[in-house]
1. How many residues, within region 191-239, are at pLDDT 95 or above, loosely packed, with under 12 Cβ neighbours inside 10 Å and closer than 28 Å to H29 by Cα?
2. Looking for something assigned to a loop (DSSP other than H, G, I, E, B), surrounded by fewer than 18 Cβ atoms within 10 Å (Cβ to Cβ), among the basic types (K, R) and touching a residue at least 40 places away in the same chain (Cβ under 8 Å) - is there at least one such residue anywhere in region 248-259?
3. Tell me, which residue of region 63-76 that is part of a helix (DSSP H, G or I) and over 23 Å from V181 (Cα atoms) is nearest to the chain's Cα centre (by Cα)?
4. State whether the residues of region 62-70 include one that is in contact with a Gly (Cβ under 8 Å, 6 or more places away or on another chain), closer than 20 Å to H29 by Cβ and either surrounded by 14 or more Cβ atoms within 10 Å (Cβ to Cβ) or touching a residue at least 24 places away in the same chain (Cβ under 8 Å) (or both).
5. Show the residue pairs that are 6+ apart or on different chains and have beta-carbon atoms under 8 Å apart, the first residue being within region 12-40 and over 17 Å from A136 (Cα atoms), the second being modelled with pLDDT of 95 or more and among the acidic types (D, E).
6. If a residue has to be hydrophobic (A, V, I, L, M, F, W, C) and assigned to a loop (DSSP other than H, G, I, E, B) to count, how many in region 260-293 make the cut?
7. Looking at this structure, is T60 under 19 Å from the mean Cα position of the chain (by Cα), modelled with pLDDT of 95 or more and not in a loop (DSSP other than H, G, I, E, B)?
8. With the requirement that a residue be of a type in the set (D, E) and in a strand (DSSP E or B), what does region 168-201 give you?
Amino acid sequence: MIRYPIPWPDGARCAVAITFDMDADSLIHIARPEDGFDRLYPVSMGRYGPTVAIPRILATYRRLGIRQSFFIPGWCLETYPDAIEAILGDGHEIGHHGWIHEDPVTTRGPSQTEAFEKALDAHRRICGGLPRGYRAPVYNVTQQVIDLAIGHGLRYDSSLMADDIPYRMTTAEGALWEMPVHWATDDWPPFAHYAEIGYMMPVRGPSAGLAGFWEEFEAQYEAGGFFMLIVHPFLTGRLARWRLVERWLEETMATRKVWVARLEDIADHLDALAARGHRIRTERLPHYEGPQG
């Protein structure tokens, strides 16, 4: 079912990561820069993430003894220091997620370089060092950003969708690991309802919205693969939804052979496998040179 399967530590059948994009209210400020500060409903919806959901999520992770990965824009690092301190204090990873959730496709060129490096500076000042991984806002990573990540020493990206399990990406600038995402394990489609950024969908109930995620896990577990959720504190961190995720984690960790790990830990594992000669699929970038058609 999976070409070049990855052997996971301690005989685990599947690697599991419940990753959070803590965008907070950066979304309304980047979408409506002229008056986003005065749109109090979307501001409050975003602020729910770092102020209410993050403490709830961290309490679950502490109780279960797991550490996970969070992707946070640089603006949010500066705006929500208490949440950042709590995340780092519990040993979790914070990855690069742009400066203020700018879309790399629409900020190509010098503007994207400036935003990328401004966020890196926030990581140095607030997190005490460079991030190990990157996830593009709205997954819109470009060749420029991949090369920026490699050039600044990041070890992995988590924005692309070319496999079921982690794989290697190489460019003229070097190489990094890809921790693949997919909309099927993202909470935006079932739970987001956000007129200000042009997303108006019916909000699904907690059980219905999460059910597809667990089906994705079962397929990955059967195949010996990699299961990652890409979720947002202000969406899945809400009370009823997080209660179901917490119960799923409890049951899965108790009854299945899974390795629940930070993405940087998975990158370490891949480095060790590669050093021993284990075959891991590699993609060469760029896929295309110039417009096609």
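1. 1
2. Yes: one or more hits.
3. Taking region 63-76 as the starting set, the residues that turn out to be part of a helix (DSSP H, G or I) are 63-64, 74-76.
Now drop any that are not over 23 Å from V181 (Cα atoms), which leaves 63-64, 75.
Numbers: R63: 22, L64: 20, W75: 17 Å.
That would be W75.
4. yes
5. From region 12-40, the pairs are G36/D25.
6. So the answer is 3.
7. In short, yes.
8. E178, D186
The values are calculated or read from the model by the stated rules, or taken from the named source; none is laboratory data. Please read all numbers here as calculations on a predicted model, not as lab measurements. For neighbour counting, all protein chains shown are included, and Cβ atoms are generated from backbone atoms with ideal geometry for every residue, glycine included.
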